[in-house]
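Participant: Have a look at this one before I ask anything.
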Amino acid sequence: MDLSFLAIQALNGLSSASSLFITACGLTLVFGVTRIVNFAHGSLYMIGAYTAATLVPRLLELSFGPVTFWAGILASAIVVGLIGVLIEVLLLRRIYGAPELFQLLATFGVVLVVQDVTILIFGPEDILGPRAPGLRAPVEIFGRRFPSYELVLIAAGPVVLGLVWLLLRKTRFGVLVRAATQDREMIAALGVNQALLFTGTLFLGAFLAGLGGALQIPRVSAHAGMDLSIIAEAFVVTVVGGMGSVPGAFLAALVIGQLQAFGILIFPKSTLVVVFLLMAIVLAVRPYGFFGRPEVIGGAHAVGIASRERSPFATLAVIAVIGILAALPLIGDAYVLKVATEILIFALFAFSLQILIGVGGLVSFGHAAFFGLGAYGAALAVKWLAFPMETALPAGLLLAALGAALIGAFVVRLSGIYLAMMTLAAAQIVFAVAFQWVDVTGGDNGIVGVWPSTWASGPTTYYFFTLALTAAVIVLLMRIIDAPLGYALRAARDSTARAEAIGLYIRRHRWLAFTISGAAAGLAGGIYAFSRGSVDPTLLGIPTSVDALTMLLIGGIQTVTGPLVGAGVLHVLRDQIMPLTSLWRLVLGLSIIAIVLVFPRGIVGTIRNWREERT
Amino acid sequence: MTLLSVQHLSKSFGGVTAARDVSFTLERGEMLAIIGPNGAGKSTVFNMVGGQLRPDRGAVLLDGQNITAASPQKRFRLGVGRTFQVAQTFLSMSVAENVQMALIGSRRESEALWSPARTRYRDDAVALLEQVGMAGMADHPCSALAYGDVKRVELAIALAGQPKLLLMDEPTAGMAARERADLMDLTASIAGAKGIGVLFTEHDMDVVFGHAERVIVLVRGRILATGAPEDIRQDPEVRRAYLGDEHALERPKGLSPT
Amino acid sequence: MSEPLLEIWNLTASYGRAQVLFGLTFQLRQGEVMALVGRNGAGKTTTLKSIMGLVPATAQKASFKGHSLSHLPTYRIARLGLGYVPEDRRIFTDLTVEENLEAGRKAAGAGRSPWTPERLFRLFPNLAEMRGRRGNQMSGGEQQMLAIARTLMGNPDAILLDEPSEGIAPVIVQMMAQAIRAMKAEGVAVLLSEQNWAFAASISDRAIVIERGEMRFEGSMAELIADERLRAETLGV
């Protein structure tokens, strides 16, 4: 390893830092003004890449030359900017006041929609873009060849930083953007049309995402899946830099670029782990990133379960539901039982998340980590230790509980959106480990042959087994919600200052909640592994976390029973719609958006409201 | 023994000194007010006594025990209750549950997982609410109360820890004139009966001069004067630095508009 | 008597199912200072916010300079020439004093000499010394001055001023009074919501008293000062 090699690695790091900064800069600007973490930012980046990879070659056919190339890149970015405007006007504008969980989910709905629409428009194949005219020959640096296009990219980052800085400091638009970052309502009271300001900001943010994506076309082909990989990195950059801070994003991108360039030498397989570890460390030391500041907690955060008068029929209703579920094998065939088993598993998974979100107000965006850890723990115990189901399930639960205790220890220091991002990052680390540690986890293929013990292997017995476990654990969790711990979590959610002043150690309570919730999710994961006979990394992915959140959303986060209803509804919908169309993601995405906009209280919450209105 | 002894507290934030060499004492059953212009360091001193801020120098002694480095939670268990400028209660719970949580907290049962919170210490909670005149509202959601009532509930929460010392940060901010006097009368009678020392900050001079037994005037982080309310009112230095023209403080009687 | 600038007929407002304003009717005339007094929770802040369109409200008629305010978004109401200084000041703490003023800038109507930063610095000399300072390094009183100056940068014909004396040392309260008199001298009308009775009484021409969202009094300040019984009953002073 000589000096010139290190220099080239450093330059590589700088060029990826530049690309990352340009994209993340847009994300952080949009967050600063709208307070929305736009999950769809990565989708805009992907659209930028697809548009440029399609548009630029056609333009080059008309007139070949650098001007055409760069004009094409710019035009693509502008197209993406306009799409950003569309998203703002149609969706974001309606959810500015909503709790952050809803905002995250709604923009994730856009991610799903864009995924299917992109394939509809551009086709399922990857598209390789043209190389930049005039920049095709590599340059020689320290005796090594280095692509000259990368040098242009290295310069692009600081140029964008300078232009954005000038825009924010020296123009009236910039002053208003920074003012709106702090207080949108006040800006309106001073006579500024904030709708226009927000639309402008979204244009700028989406333009930067599109530019980031379009600039990639000479380096990588436009492909489906770029959206989630860039958004995860862009999240890390904005969070490490401090959400809303442009210079912070720049610094963070530089650090992460270098870390990736040199981390690959140390951990050749898992740069992802290194990047997310950096985020974990930075947030552990500086909970608001390099240049971020504590969020002003608004009323929108305080949604969740509240004390209600007990219905005298509550216990009766629980017994009745369990009775009906126990009678299901009398009427249902094997297929129905299989579906019912899965619904029960996901009901437990969603319910375990409700302890964090509905009770504790802790928006965990990486709950799949615990579900997956439970599944993998069980599967690994079967594969490597030859455990039977009876001991493999507790092993999975234990692994999930340990994982939750470890992750919880980091995240309980955080709040709001930082906590959401950190849990997401933690889940991505676990995902990366499962994906890249092929020798142990089987990588992409996962682990097969995870079958239940003989006595439980029939669909009916396994259904009863699942019903008994999930019912017992859910009843236990309901007790915990009503017990002092559940109340202490609500206390900390309602008022941190008051909770501390009555002697509650908030972090310890939250850590305990994470561990309990993780253990329950892990049990669900273990049962799931045995019901399918296999595990694979998708169990740990962002879409699995979003599934759990969607179930909560459908059922209603203010209710104890909401997640159970949500799990059933989502599963049945998926079962009914998936065979009919290949556009399931489009349907799901639009449904999530529709629920956020129309029934933010979910099914149970809406019914309850409707009943209360009548009385 | 002196209940609260604050010795030479100093604190600065990034070069700006918010409190310098602040010392005072507070006895059982005494009501002591800290007043001063905005930015004088009232909140800083207050939060150093409450445990939200760690002083750069100096010490806080409660009943002779050094609590300078103790967390707010620890101080609560040692007998420090507090209320906040904007009342802090648990809005998702009923009035009684709010007080029950404080009782659960004081008995270190907040990590219990089995028997329901709402059945624990219910009678004790209602008895505390009785003291502040809120027992009739015990089962109402805290979010449905009028602000003056929320302040009373907050007082009951603070009393749940059987405090020796009660810290009240602008206890009457946001209340109507008559409610202010009522709340402070109530506080004074409870404090007197139980021998609780009360330290409070306040902007409303009627409350200060009507309810404090002693007053500390802070200006730019330093104690400018300490004394009985009447002496403070007459102190020429205090008037110049803080009170300004005395007319702004007196109630106009038949004053015609300018 | 001059034309009413701001006319409100039968204003009602609710938070959820709880009604907080019950049919307020009043007018604000050019160049006058009118106090809106009442106990905490009487609906003063809600009244001002309703006029600005910041909380949902209904009125039989709400007009400013002859333009109806119904269904107008907040920024359009502000652009008609109605300024608003909220109770908690809400200056932009990340922005410098000068940038805060820039955020409030709007063109002046015809025939008026516009407020400029220089003029405002003469009115609030404290601010002149800290042009480049960020809002988060200012005291409460300085922030209050900046909040008023920022609104004046929009060259309003009338200002809704919500509790300017709240949480402010008496010395600064007196400076507020001077500033309000200066605005009045410029022909700017002020609707002043106040808890500090002495302050409100000393600078207002007229007053309305509200109690639990209902009007209890409308008339000259001298009348209200004379009516000790009403004051004791509704204001506790």
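Participant: Amide H neighbours of residue B:140 under 5 Å, counting only residues 5+ apart in sequence or on other chains, H built in-plane at 1.01 Å?
Facilitator: B:95, B:96
Participant: Using a 10 Å cut-off on Cβ atoms, rank the peptides A:318-331, A:364-377, A:424-437 from the highest mean neighbour count down. It would help to have the intermediate numbers written out before the result.
Facilitator: Working: A:318-331: 12.3, A:364-377: 31.8, A:424-437: 23.4.
In descending order of packing, they fall as A:364-377, A:424-437, A:318-331.
Participant: Here is a follow-up. Label points 7 Å out from Cα along the Cβ direction at residue C:60 and residue B:108: separation in nm?
Facilitator: Here the answer is 6.6 nm between the modelled labels.
Participant: Work out the charge dipole of segment A:323-547 with +1 on the Cβ of Lys and Arg and -1 on the Cβ of Asp and Glu about the Cα centre, then indicate which of A:515, A:484, A:440 is farthest towards its positive end.
Facilitator: A:484
Participant: So, R0 is 56 Å and r is the distance between the beta-carbons of residue A:453 and residue B:122; what FRET efficiency does that work out to, to 0.05?
Facilitator: The computed FRET efficiency comes out at 0.75.
Participant: Now a separate question. Report the one residue of B:137, B:148, C:97 whose Cα lies farthest in the direction of the positive end of the charge dipole of the protein assembly as shown (charges on C-beta: Lys and Arg +1, Asp and Glu -1; origin at the Cα centre).
Facilitator: C:97
Participant: To continue, here is another question. Based on the alpha carbons, how large is the Rg to Rh ratio for the protein assembly as shown when Rh follows Kirkwood?
Facilitator: 0.99
Participant: Need the list of lysines near residue C:44 for cross-linking: C-alpha distance under 29 angstrom, and skip anything on the same chain fewer than eight residues off.
Facilitator: B:42, B:151, B:253, C:61, C:65, C:106, C:184
Participant: Take each of the peptides A:506-512, A:122-128, A:542-548, average the number of other beta-carbon atoms within 10 Å over its residues, and list them starting from the highest. Don't jump to the answer; show the numbers that get you there.
Facilitator: Working: A:506-512: 19.6, A:122-128: 13.9, A:542-548: 23.0.
Per-residue mean Cβ counts within 10 Å order the peptides as A:542-548, A:506-512, A:122-128.
Participant: Additional query: Taking all protein chains together and a probe of 1.4 Å, list C:204, C:139 from the most accessible to the least accessible. Can you show the working numbers first?
Facilitator: Details: C:204 0, C:139 35 Å².
Final ranking, largest accessible area leading: C:139, C:204.
Participant: Let me know the mean shielding of B:75-87 by other chains, meaning the per-residue number of their Cβ atoms within 10 Å of its Cβ.
Facilitator: Partner-chain Cβ atoms within 10 Å, mean over residues of B:75-87: 2.
Participant: Can you give me the long-range amide H partners of residue B:12? Hydrogens built in the peptide plane at 1.01 Å from N, cutoff under 5 Å, separation of 5 or more residues or another chain.
Facilitator: B:18, B:56
Participant: Something else: Beyond 31 Å, what share of the Cα-Cα pairs of chain C remains, rounded to the nearest whole percent? It would help to have the intermediate numbers written out before the result.
Facilitator: Numbers: 5210 of 27966 pairs.
That fraction is 19 percent.
Participant: R0 = 25 Å: FRET efficiency of residue A:163 with residue A:128, Cβ-based, nearest 0.05?
Facilitator: Working: r = 29 Å, r/R0 = 1.18.
Rounded to the nearest 0.05, the efficiency is 0.25.
Participant: Here is a follow-up. Please list, in chain and number order, the residues 5+ apart from residue B:82 or on another chain whose amide H is under 5 Å from its amide H, with Hs placed from the backbone.
Facilitator: For residue B:82, the qualifying residues are B:167.
Participant: Moving on. Might you report the magnitude of the Cβ-based charge dipole of segment A:323-547 about its Cα centre, with Lys and Arg at +1 and Asp and Glu at -1, to the nearest 20 debye? Write out the running numbers ahead of the final one.
Facilitator: On the way: 11 positive and 10 negative charges, 129 e Å.
The calculated dipole for segment A:323-547 is roughly 620 debye.
Participant: Something else: State to the nearest 20 debye the size of the charge dipole of chain C about its Cα centre, where the only charges are +1 on K and R beta carbons and -1 on D and E beta carbons.
Facilitator: The dipole of chain C has a size of about 520 debye.
Participant: Ignore the peptide's own chain and count Cβ atoms of other chains within 10 Å of each Cβ in C:137-147; give me the average, rounded. Write out the running numbers ahead of the final one.
Facilitator: Working: counts 2, 2, 4, 3, 3, 2, 1, 1, 0, 0, 1.
Shielding by partners across C:137-147 averages 2.
Participant: Using the alpha-carbon atoms, what tilt in degrees (0 to 90, nearest 10) does helix A:3-34 show relative to the longest principal axis of chain A?
Facilitator: 70 degrees
Participant: Under the definition of partner shielding as Cβ atoms of other protein chains within 10 Å of a residue Cβ, what is the mean value for peptide C:197-203? Show your work: numbers first, answer last.
Facilitator: Values: counts 3, 7, 2, 2, 5, 7, 2.
For this peptide, the per-residue mean of nearby foreign Cβ atoms is 4.
Participant: Can you give the relative contact order of segment A:323-547 as a percent, counting alpha carbon pairs under 8 Å and 6+ residues apart? Could you put the intermediate results ahead of the total?
Facilitator: On the way: 373 pairs, mean separation 91.4, N = 225.
Dividing the mean separation by the residue count of segment A:323-547 yields 41 percent.
Participant: Using alpha carbon centroids, what distance separates segment A:368-431 and segment A:236-253, in Å?
Facilitator: 28 Å
Participant: Of the candidates C:207, C:57, C:222, which one comes out as most mobile in a Gaussian network treatment of chain C with C-alpha springs shorter than 10 Å?
Facilitator: Comparing C:207, C:57, C:222 in a Gaussian network model of chain C, the most mobile one is C:222.
Participant: Would you kindly state how much longer the chain becomes between residue A:391 and residue A:264 on full extension, computed as 0.36 nm times their sequence separation minus their alpha carbon distance, in nm to one decimal? The partial results should precede the final answer.
Facilitator: Working: separation 127, 0.36 × 127 = 45.72 nm, distance 3.79 nm.
Difference between extended and current length: 41.9 nm.
Participant: Still on this structure: Taking only protein heavy atoms into account and a 1.4 Å probe, give the accessible area per residue of chain A in Å².
Facilitator: Value returned for chain A: 38 Å² of accessible area per residue.
Participant: What do you get for the angle between helix C:140-152 and the principal long axis of chain C? Use alpha-carbon atoms, 0 to 90 degrees, nearest ten.
Facilitator: 90 degrees
Participant: Ordering A:118, A:315 from largest to smallest accessible area (1.4 angstrom probe), what's the sequence?
Facilitator: On the way: A:118 10, A:315 100 Å².
Largest accessible area first, the residues go A:315, A:118.
Participant: Something else now. Along each principal axis of its Cα atoms, how long is chain A end to end? Whole angstroms, biggest number first, please.
Facilitator: 74, 60, 50
Participant: Another one. Using a ≥ b ≥ c from the Cα gyration tensor of segment A:323-547 (square roots of the eigenvalues), is it rounded, prolate or oblate, where a/c under 1.5 gives rounded and otherwise the larger of a/b and b/c decides, a/b for prolate? Please list the in-between numbers first.
Facilitator: Details: a/c = 2.27, a/b = 1.40, b/c = 1.62.
Since a/c reaches 1.5 but b/c is at least a/b, the shape of segment A:323-547 is classed as oblate.
Participant: Apply the Karplus curve 6.51 cos²θ - 1.76 cosθ + 1.60, θ = phi - 60°, to the phi angles in segment C:25-30 and return the couplings in whole Hz, x for Gly and Pro.
Facilitator: Here the 3J(HN,Hα) series is 10, 6, 10, 10, 9, 4 Hz.
Participant: Something else now. Once label points are set 7 Å from the Cα along Cα→Cβ at both residue A:281 and residue A:10, what is their separation, rounded to one decimal in nm?
Facilitator: Here the answer is 2.0 nm between the modelled labels.
Participant: Please list, in order along segment C:199-210, the HN-Hα scalar couplings obtained from phi with the Karplus expression 6.51 cos²θ - 1.76 cosθ + 1.60 (θ = phi - 60°), rounded to whole Hz, x for Gly and Pro.
Facilitator: The phi angles translate into 5, 4, 5, 7, 10, 9, 7, 10, 8, 10, 10, 10 Hz.
Participant: Residues of segment A:114-148 with amide nitrogen under 16 Å from the 7 Å Cα-to-Cβ point of residue A:3?
Facilitator: A:141-144
Participant: Only Cα pairs under 8 Å and at least 6 apart count here; give the relative contact order of chain B as a rounded whole percent. Please report the intermediate quantities before stating the final value.
Facilitator: Details: 480 pairs, mean separation 66.2, N = 258.
Reported as a whole number, the value is 26 percent.
Participant: Can I ask one more? How would you classify chain B from its alpha-carbon gyration tensor, with a ≥ b ≥ c the square roots of the eigenvalues: rounded for a/c under 1.5, else prolate if a/b is greater than b/c, otherwise oblate?
Facilitator: Details: a/c = 2.11, a/b = 1.34, b/c = 1.57.
Judged from the Cα gyration tensor, chain B comes out oblate (a/c at least 1.5, b/c at or above a/b).
Participant: Could you please state how large a percent of the accessible area of segment B:78-196 is carbon and sulfur, counting protein chains only and using a 1.4 Å probe?
Facilitator: C and S fraction of accessible area: 51 percent.
Participant: Then there's this: Rounded to the nearest 20 Debye, what is the dipole magnitude of chain A about its Cα centre when Lys and Arg each give +1 and Asp and Glu each give -1 at the C-beta?
Facilitator: Values: 36 positive and 28 negative charges, 243 e Å.
So the magnitude is around 1160 debye.
Participant: What list of ³J(HN,Hα) couplings, whole Hz, do you get for segment B:198-208 from phi and the Karplus terms 6.51, -1.76, 1.60, once you set θ to phi - 60° and write x for glycine and proline?
Facilitator: My calculation for segment B:198-208 gives 10, 10, 9, 9, 6, 9, 7, 5, 4, 5, 4 Hz in order.
The values are calculated or read from the model by the stated rules, or taken from the named source; none is laboratory data. Bear in mind the structure is a predicted one, so any value in this text is a computation, not a measurement. Neighbour counts are summed over all protein chains in view; Cβ atoms, including those assigned to glycine, are modelled from backbone coordinates with ideal geometry. Note: accessible area is taken over every heavy atom of the protein model, side chains too, but ligands, DNA and RNA are not part of it. Shrake-Rupley method; radii C 1.70, N 1.55, O 1.52, S 1.80 Å.
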